[in-house]
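Written out below as structure tokens is the structure these notes cover.
The values are calculated or read from the model by the stated rules, or taken from the named source; none is laboratory data. Owing to the predicted nature of the structure, the values given are computational and were not obtained by experimental measurement. Every residue, glycine as well, gets a Cβ built from its backbone with ideal geometry; the counts of neighbours run over all protein chains shown. These area figures cover heavy atoms from the full protein model, side chains too; ligands, DNA and RNA do not enter into them. Shrake-Rupley method; radii C 1.70, N 1.55, O 1.52, S 1.80 Å.
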Amino acid sequence: MTVLVFLDPAFPAGRLADATAPALLATDQGATRGDGIFESLLAIDAKPRKVAAHLDRLASSARVMGLDIPAPDAWLRAIGTALDAFAAARADSAAGSAAGPDEVVVKLIATRGDEGANSPTAWVQASAPSPAARAQREKGLDVLLLDRGYDSAVAERAPWLLLGAKTLSYAVNMAALRYAHAQGADDVIFTSTDGRVLEGPTSSVLLAHISDDGGLPVKRLITPAQDSGILPGTTQGALFAAARAAGWELGYGPVVPADLMDADAVWLISSIRLLAPVNRIDGTEVGTAAVRAQLTAELSALLAGTE
Ligand code: PLP
């Protein structure tokens with residue numbers, strides 16, 4: 001079940017559309033060129049999480065792309081309409097009796113619009129999360145390190161690669177995931193040609209080091225430097241703020257693969273799956289199952305307490 005709400009000046013709260021019927025022109029540049037941007041966020045109990053951070057990143061992606069998208073309040077109204085319609089449709093369907101917390105995936109999408117029209121197409125989509133996201137939080141992931149083929153300074157040198165923007169051109173990211181699945185792994189951590197750890201195809205990378213300072217535990221969370229051509233993760237940002245308040249030390253890369261192998265725990269972290277612990281990288285176990293489970297529980301509780 002998917003709910004679609006188009007942002008349309010003639011409909012201030014957004015225009016509901018039948019998600020089972022054609023709704024886009026075949027000449028929309030989002031379809032013909034992957035020329036557009038998106039955000040995926042999680043709503044829990046009808047409340048979209050980190051919505052300001054997602055709208056900020058959407059605006060920043062739009063700036064990088066030279067795309068003129070609707071204002072934040074239009075997106076907020078359309079998100080509200082989509083969540084209301086989704087809740088009503090779910091209450092009417094058998095899926096309404098599904099167990100577990102009430103989670104909805106909300107996607108915000110804006111394309112460059114029809115060829116030649118210079119008018120973006122923008123819509124909000126609400127749907128149920130895939131069971132895989134929840135399973136990954138619980139069971140963890142086996143991950144492959146894959147070369148992304150760029151060095152870690154390319155974003156600044158070649159801004160037209162749009163590396164810091166969340167564009168609709170995710171075919172490469174999906175191909176990397178299919179490659180990993182074909183090798184029996186669950187997910188991917190990209191590395192740069194100069195040997196830096198970057199991000200997952202749909203996630204940020206996070207690692208923890210626990211040390212001892214004269215009997216006092218020192219807990220440190222590290223993520224790759226944001227200027228290495230990666231997407232700034234809203235979940236990583238929210239978790240860092242909560243972890244700092246809880247006494248964790250924070251650090252931003254450079255991270256190299258050996259740092260991952262030395263870590264007490266590594267996670268792939270994103271808005272929908274939240275914290276998914278990495279069990280193995282290229283077949284080698286990361287830390288121990290007990291420490292991974294304990295740190296995942298501690299950080300998941302911190303993340304759950306964020307907005
Ligand atoms: N990096 C990439 C390439 C992503 O696609 C995503 C999310 O989809 C992330 C990082 C994590 O971002 P967020 O935590 O805002 O979901």
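Overview of values
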{"quantity": "Under 5 Å, built H, 5+ apart or other chain: amide partners of V188", "calculated": "L144"}
{"quantity": "Amide H contacts under 5 Å for V255, placed H, 5+ residues apart", "calculated": "V197, A225"}
{"quantity": "Integer Hz, Karplus 6.51/-1.76/1.60 couplings in order for segment 184-191, x for Gly and Pro", "calculated": "x, 9, 9, 7, 9, 10, 7, 10"}
{"quantity": "The chain: most fluctuating residue of A117, A52, A126 per GNM, C-alpha cutoff 10 Å", "calculated": "A117"}
{"quantity": "Top of L24, L145, L250 by mean-square fluctuation, Gaussian network on the chain, Cα under 10 Å", "calculated": "L24"}
{"quantity": "Whole-Hz ³J(HN,Hα) from phi, Karplus 6.51 cos²θ - 1.76 cosθ + 1.60, for segment 102-119, glycine and proline x", "calculated": "7, 10, 10, 8, 10, 10, 10, 10, 9, 10, 6, x, 5, 3, x, 8, 6, 9"}
{"quantity": "Peptides 181-191, 261-271 ordered by average Cβ neighbours within 10 Å, highest first", "calculated": "261-271, 181-191"}
{"quantity": "Percent antiparallel among DSSP beta bridges (both partners in segment 192-259, rounded to 5)", "calculated": "65"}
{"quantity": "When each of K50/K107; K50/K219; K50/K139; K50/K166 is checked by Cα-Cα distance, pairs over 22 Å", "calculated": "K50/K219; K50/K139"}
{"quantity": "Cβ-based charge dipole, segment 2-128, positive-most Cα from L7, V105, A59", "calculated": "A59"}
{"quantity": "Phi-based couplings in Hz for segment 128-135 (Karplus 6.51, -1.76, 1.60; Gly and Pro marked x)", "calculated": "7, x, 6, x, 4, 4, 5, 4"}
{"quantity": "Portion, in percent, of the accessible area of the chain that falls on carbon or sulfur, probe 1.4 Å", "calculated": "56"}
{"quantity": "Long-range HN-HN contacts of E285 with modeled amide H, under 5 Å", "calculated": "none"}
{"quantity": "Beta bridges per DSSP with both ends in the chain, % antiparallel, nearest 5", "calculated": "80"}
{"quantity": "Contour excess over end-to-end distance, with Cα ends at Q294 and E138 and 0.36 nm allotted per residue", "calculated": "55.0 nm"}
{"quantity": "Segment 10-43 versus segment 274-290: alpha-carbon centroid distance in Å", "calculated": "37"}
